[in-house]
Amino acid sequence: MKNVLRNISLYISFIIASIKEMLIYRLDCIVGILSQTLTQVVEIIFIWIVFQNTSNLAGWSYEQILLLYGITLMSISVCSFLFDATYDLGPVFIREGEFDKLLLRPVHPLISVLGSSKDFVSFGYLVIGLIITIMMFTKLAIPITFWLIIKLLFFIIIGGLILGGIETIFSVAAFWTYRSNEVVWTFYRVYTLTQYPIDIYSGFVKILITFILPFAFVAYYPTMDYLGFNKYMIWLSPIVAIIIWIIAIGVWNWALKKYRSTGT
Amino acid sequence: MAIIEAKNLVKEYKTIIKDKGILGYIKHLFKPKYEKFTAVDGINFEINEGELVGYIGENGAGKSTTIKMLTGILTPTSGEVIVNGLVPYKSRIENNKNIGAVFGQKTQLWWDLPVIESFRLIKKMYKIPEGEYRKNLKKFTELLDLEDLLEKQVKNLSLGQKMRCEIAATFLHNPKIVYLDEPTIGLDVLVKENIRRFIKNINKEKNTTVILTTHDVKDIEEVCDRIILIDKGKIIFDGEKQKFKDNYGKNIKAELIVKDKVGNMAEKINSENFTITEESNELIKLKFSHEKTTIMNVMEEISKYCKVLDIHMQESELEDILKEIYKKG
Ligand SMILES: Nc1ncnc2c1ncn2[C@@H]1O[C@H](COP(=O)(O)OP(=O)(O)OP(=O)(O)O)[C@@H](O)[C@H]1O
Ligand SMILES: [Mg+2]
């Protein structure tokens, strides 16, 4: 336990260092945030167009879908802020030989890799997500109580952790191919499916995003709770997060062992 | 007691062989062919605490591979490594607490941050006590002349400035063992001097064990007491630096100042025991082997044809010795 806490504390130090690094590139930061915000606005317009012809999608109203969307955005933001470096593992760390250097530290290399995440750009997601969420709570006449705020905050972070854990699992592809970022990216695309209620998908996709890649626990079940549709599934989210991370660390250690015996 | 022990250490790399052309690539996709390459081929050594060891050999001899195994980055194919009572590839993180390492031009510092921030992170990572950190920082700043560099971003430093900071970062946590893989590559003479002095200084004060690979013979000449020479993955010499010179440095160079020389000496003397490399009316340069003759015999021969006024003898330099060993292959 002491070891876990120490690793987390080091991870936070690394993240703070990354933030300092990022702040040096102020202009990059601002341009990034603006362009990402713009893509989100386009997506929202897309949802709006879809709803011009129908009043609901698999039983979900326009406002309810946007609420899910806003909460999803915030979890994505947390995930990219904390775990963005999973994309860099292949093309940056392993290809450039940076990874060997991390193996010399008295810290698990996963902490070092994740700790170098510096995706500030996702800050734009957080802001837009927050605005949409608050607007939709108001429109849907859901009272924003203290309890709701706490719950929201907690499950947004849990959602971010689930996403990050899944990304981390797929990032081990980096130990075999430098193009691991593309592997992670592909699964990220699967994730964007869950910006819409999973009710609209076929049985196979439903099973995939609930049990195999448990994306449904990121935002879908929490949103179901806030809307009063399903009050139980949300509480599985933290358990899913823990399981995902146990798997992620296991897979990582296994891949690392392989990597160290081939030396490529 | 040995602090580092390697027993029959072997590392085989598997490399992919691809046939030529697109067809070859497609074939490779379905049925990859591998070729084994033995980079380190059963080496043995023991290194004691406080030793300064030069680990040398030609390009591709297997130096970096050995060091990667000693640090635990790479798992050996077979054989054993024990460092400070630990098996590095099994207890890597535990082992990392006791060691420091520099790999060529790769920096362990945070690229976009001021140097001092990296030092602080290192302090946290290695749990360096505050007092010890301050003491080391002050001392290293002085020895490596870092005063003006600490607040600069790493990416803005020159190669030499970066390496000085890198060396400081490596020694900050008082490692018991330090592996330096080509720390002086690309540096100017003054920075090299500075780094050599630093290594010797710390070794003396803290009894740090240092293993140094380099292609600059002066590094070895000035820093190391012991030489391990590796060739094609096998150790071909292991011992004190002086012994190395005695073993391989059998060639002695001599310069004779002469008078009353008649004609061309090289034509007149056709001795198997020594060779004249250069001559003029006043000066003869020659080379002979310890094993075959002595300077007395050479003199005797020479003075048949001229009067010798002065002699100047020179042992072979490490560099010449290495050149000869590498050439023989
Ligand atoms: N990951 C790898 N896969 C396959 N072969 C490798 C790998 N790393 C090194 N080699 C090969 O192993 C041999 C030893 O390499 P190594 O880097 O240990 O040499 P070195 O003595 O450090 O050389 P240098 O002086 O050039 O740094 C070389 O022939 C090299 O091509
Ligand atoms: Mg090397």
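The values are calculated or read from the model by the stated rules, or taken from the named source; none is laboratory data. What you are looking at is a predicted structure, and each value in this text was computed from that prediction instead of being measured. Positions of Cβ are generated from backbone atoms using ideal geometry, with glycine treated the same way; all protein chains shown enter the neighbour counts. To get the accessible areas, we keep the full protein, side chains included, count just its heavy atoms, and leave off ligands, DNA and RNA. Shrake-Rupley method; radii C 1.70, N 1.55, O 1.52, S 1.80 Å.
Table: residues versus (1) over 23 Å from A:Ala85 (Cα atoms); (2) touching a Leu at 6+ places or on another chain (Cβ under 8 Å).
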| site | (1), (2) |
| --- | --- |
| A:Asp119 | no, no |
| A:Phe137 | yes, yes |
| A:Leu140 | yes, yes |
| A:Gly160 | no, yes |
| A:Ile169 | no, no |
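Screening region A:191-264 for helices (runs of 4 or more DSSP H) wholly inside it with 3 or more residues that are touching a residue at least 24 places away in the same chain (Cβ under 8 Å) and away from every other protein chain (no Cβ under 14 Å) returns the ranges A:220-226, A:237-262.
The residues in region B:6-30 that are at pLDDT below 85, aliphatic (A, V, I, L, M) and either surrounded by 14 or more Cβ atoms within 10 Å (Cβ to Cβ) or outside any helix (DSSP H, G or I) (or both) can be counted, and the count is 2. When B:Ala6, B:Ala101 are checked against the criterion of being within 16 Å of ligand 1 (Cβ to nearest atom), farther than 30 Å from A:Glu21 by Cβ and among the small types (Gly, Ala, Ser), a single residue qualifies: B:Ala6.
Just one residue in the set B:Lys27, B:Lys7, B:Lys36, B:Lys97 is in the same structural domain as B:Asn201 (by TED's automatic domain parsing) and not β-branched (Val, Ile, Thr); that residue is B:Lys97. In this structure, does B:Val262 turn out to be surrounded by 15 or more Cβ atoms within 10 Å (Cβ to Cβ) and either modelled with pLDDT of 75 or more or out of contact with any strand residue (DSSP E or B) (no Cβ under 9 Å at 6 or more places or on another chain) (or both)? Judged against the criteria, B:Val262 is not a match.
When A:Ala173, A:Ala141 are screened for being at positive phi and either part of a helix (DSSP H, G or I) or open to solvent by 30 Å² or more (accessible area, probe 1.4 Å) (or both), only A:Ala141 passes. Under the condition of being within 13 Å of ligand 1 (Cβ to nearest atom), open to solvent by 20 Å² or more (accessible area, probe 1.4 Å) and aliphatic (A, V, I, L, M), the residues counted in region B:182-235 number 2. State which residue is farthest from the other protein chains (Cβ to nearest Cβ) when the search covers only region B:110-124 and only residues that are open to solvent by less than 10 Å² (accessible area, probe 1.4 Å) and among the aliphatic types (A, V, I, L, M). Per the stated criteria, the residue is B:Val115. The set of residues in region B:97-109 being more than 9 Å from every other protein chain (Cβ to nearest Cβ) and either acidic (Asp, Glu) or open to solvent by less than 20 Å² (accessible area, probe 1.4 Å) (or both) consists of B:Val102, B:Gly104, B:Leu109.
Please pick out the residue among B:Glu80, B:Glu117, B:Glu49 that is without any contact (Cβ under 8 Å) to a residue 24 or more places away in the chain and away from ligand 1 (no atom under 16 Å from the Cβ). Of the residues listed, the single one that is without any contact (Cβ under 8 Å) to a residue 24 or more places away in the chain and away from ligand 1 (no atom under 16 Å from the Cβ) is B:Glu117.
For region B:120-207, the helices (runs of 4 or more DSSP H) that sit wholly inside it and include 1 or more residues that are within 23 Å of A:Ser112 (Cα to Cα) are B:130-144, B:159-171. Among the residues of region A:194-212, those that are in contact with a helix residue (DSSP H, G or I) (Cβ under 6 Å, 6 or more places away or on another chain) and buried (at least 16 other Cβ atoms within 10 Å of the Cβ) comprise A:Thr194, A:Gln195, A:Ile198, A:Ile209, A:Thr210.
Return the residue satisfying two criteria in turn: it lies in region A:17-39 and is of a type in the set (A, V, I, L, M) and more than 9 Å from chain B (Cβ to nearest Cβ), and of such residues it is farthest from A:Asp119 (Cα to Cα). The residue in question is A:Leu38. Looking only at residues of region B:31-64 that are assigned to a strand (DSSP E or B), farther than 16 Å from B:Ile82 by Cβ and open to solvent by 60 Å² or more (accessible area, probe 1.4 Å), we find that the one that is nearest to ligand 2 (Cβ to nearest atom) is B:Phe37.
Restricting attention to region B:65-96 and to residues that are part of a loop (DSSP other than H, G, I, E, B) and among the β-branched types (Val, Ile, Thr), the residue that is surrounded by the most Cβ atoms within 10 Å (Cβ to Cβ) turns out to be B:Ile73. In the set (1) in contact (Cβ under 8 Å) with a residue 40 or more places away in the chain; (2) within 16 Å of ligand 1 (Cβ to nearest atom); (3) more than 21 Å from the chain's Cα centre (by Cα), the condition left unmet by B:Thr75 is number (1). One residue alone among B:Gly42, B:Gly85, B:Gly21, B:Gly62 is away from chain A (no Cβ under 14 Å) and in contact (Cβ under 8 Å) with a residue 12 or more places away in the chain, and that residue is B:Gly42. Only one of the numbered conditions (1) at negative phi; (2) in contact with a helix residue (DSSP H, G or I) (Cβ under 9 Å, 6 or more places away or on another chain); (3) among the charged types (D, E, K, R) is violated by B:Asp145, and that is (1).
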